[in-house]
1. Given the Cα-Cα distance of Val58 and His228 and 0.36 nm per residue of separation, how much length would full extension add, in nm?
2. Can you give the direction-averaged projected area of the convex hull of the alpha-carbon atoms in region 146-263, in nm²?
3. Quick one: 3J(HN,Hα) in Hz for region 4-13, Karplus 6.51/-1.76/1.60 with θ = phi - 60°, rounded, Gly and Pro as x.
4. Check Arg126: other-chain or 5+ apart residues with amide H under 5 Å from its amide H, H built from backbone geometry?
5. Cross-link candidates for Lys31: which aspartates and glutamates have Cα within less than 12 Å, leaving aside residues fewer than 8 places away along the same chain?
6. Could you pull out the chymotrypsin sites (Phe, Trp or Tyr not before Pro) across region 216-294 that fall in loop regions by DSSP (anything but H, G, I, E, B) with no more than 14 other Cβ atoms inside 10 Å?
7. Report the convex hull volume per residue for region 320-392, counting only C-alpha atoms, in Å³.
8. Within 10 Å of each candidate Cβ there may be at most 16 other Cβ atoms; applying that plus a DSSP loop requirement, which trypsin sites (Lys or Arg not before Pro) in region 7-46 survive?
Amino acid sequence: MADIRPFAAVRPRKDIASAVAALPYDVYSRKEAKEEVSGKPLSFLCIDRAETGLPDEVDTYAPEVYARARTLFEKMIEDGNFVSDDKPCYYIYELTMDGRTQSGIVAVSAVDDYLSGTIKKHENTRADKEQDRINHVDTLSAQTGPIFLAYRAQREIDAIVDRIRAGVPENDFTSDDGIGHRVWIVDRAEDIERLRDLFAKTDSIYIADGHHRAASAVKVGVKRRDAHPGYTGEEEFNFFLSVLFPDEQLAILPYNRVVRDLNGLTPDAFFDAVGKHFTIEKSDAPVAPEKKGTFGLFLDNCWYKLTAKEEILSDDPVKGLDVSILQDYLLAPVLGIADPRTDSRIDFVGGIRGLSELEKRATTDMKLAFSMYPTSIEELFDVADAGLLMPPKSTWFEPKLRSGLFIHQIER
């Protein structure tokens with residue numbers, strides 16, 4: 001059963017919340033992050049990516065980067081830009097994008113639930129990416145980027161959330177990318193007790209986005225336990241910052257692929273090889289797949305629709321994913337991309353960028369592009385419930401949660 005608790009968040013002052021809120025640290029390259037924080041001294045990206053305030057020759061992962069992040073964070077508190085709530089609360093975080101709204105519960109989740117598998121993952125993590133956030137969390141003694149969790153919708157939780165959302169929000173702003181953000185504080189004892197009880201009856205919680213942040217927070221928690229052998233389990237380092245959304249409200253966008261070359265094949269030989277497992281139809285318009293088992297292909301300024309033949313479809317939770325079908329029957333055997341995690345010939349393009357980005361990439365630094373049908377939240381749950389892992393870059397969630405609106409200090 002899930003231990004989802006209220007906590008006393010450190011939050012930006014109401015009048016500067018919109019200036020503080022920042023997209024996740026990992027959506028930017030170093031150059032992009034430096035450009036993003038220019039002229040924005042309150043942006044939380046200054047803390048999440050503190051190398052932006054240091055000379056370019058300083059390594060992104062140098063100790064002074066994390067030390068600077070801590071200095072900036074402590075100064076924001078000293079200056080009164082961040083304030084701490086005086087008692088544990090839940091929070092409602094609502095995001096609206098293109099007329100679609102999703103409302104999550106901001107809370108802290110138990111390290112033990114992650115370790116036991118009550119909080120389920122569907123992706124592997126990379127040690128180097130973990131270590132960056134381990135250093136960040138450990139140096140700041142604070143978790144600054146929330147982990148995006150999902151659960152199967154419960155009507156009683158929905159009713160509590162909807163009732164609170166009918167009140168006046170604590171924060172209400174629209175970010176530069178047009179996403180609406182609203183926050184409510186859940187501080188009534190009855191609501192807190194009921195929400196915690198309802199989550200305690202929930203068998204499974206799923207990591208939707210933020211696998212590296214989750215793994216890093218847990219490893220820091222375990223490290224703090226080792227340093228405090230008399231720990232009780234109630235210390236803040238036993239929990240990590242989360243936002244939990246009901247599955248019915250979530251939308252997953254496709255995660256498209258672009259490839260640098262045809263692996264030495266001529267276009268005719270490439271199409272002959274692809275035709276063994278896919279039917280190929282030329283299209284006069286860009287192809288955005290409308291159902292599972294179909295793919296768009298852009299090559300030499302032409303679009304094609306690929307449809308997987310019946311014999312390569314599968315009921316297996318992983319092998320049946322469209323990303324697996326493309327990988328197992330085209331990318332690996334035809335284009336020679338055996339490991340998409342490490343092969344420099346492949347790159348991944350979030351669906352938020354649209355098909356025009358695929359055309360651009362396939363006519364500049366890449367040779368061909370594949371548009372995908374998005375993985376569903378049900379497929380994500382099925383893979384996680386089976387204790388399996390998805391191929392890399394299987395899901396792209398939008399809108400992205402902002403960092404800096406809620407901070408969980410793991411030592412007080």
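Readers should treat all values here as calculations from the given coordinates under stated rules, not as data from a laboratory. Keep in mind it's a predicted model, so treat the numbers as computed, not measured. Here Cβ is always computed from backbone atoms with ideal geometry, including for glycine, and neighbour counts include all displayed protein chains.
1. 57.9 nm
2. 12.5
3. After applying 6.51 cos²θ - 1.76 cosθ + 1.60, I find 10, 10, x, 7, 8, 6, 8, 9, x, 3 Hz.
4. Long-range HN contacts for Arg126: none found.
5. Candidates past the 8-residue exclusion: Glu51, Asp56.
6. Tyr231
7. It comes to 95 Å³ per residue, whole-number rounded.
8. Arg13
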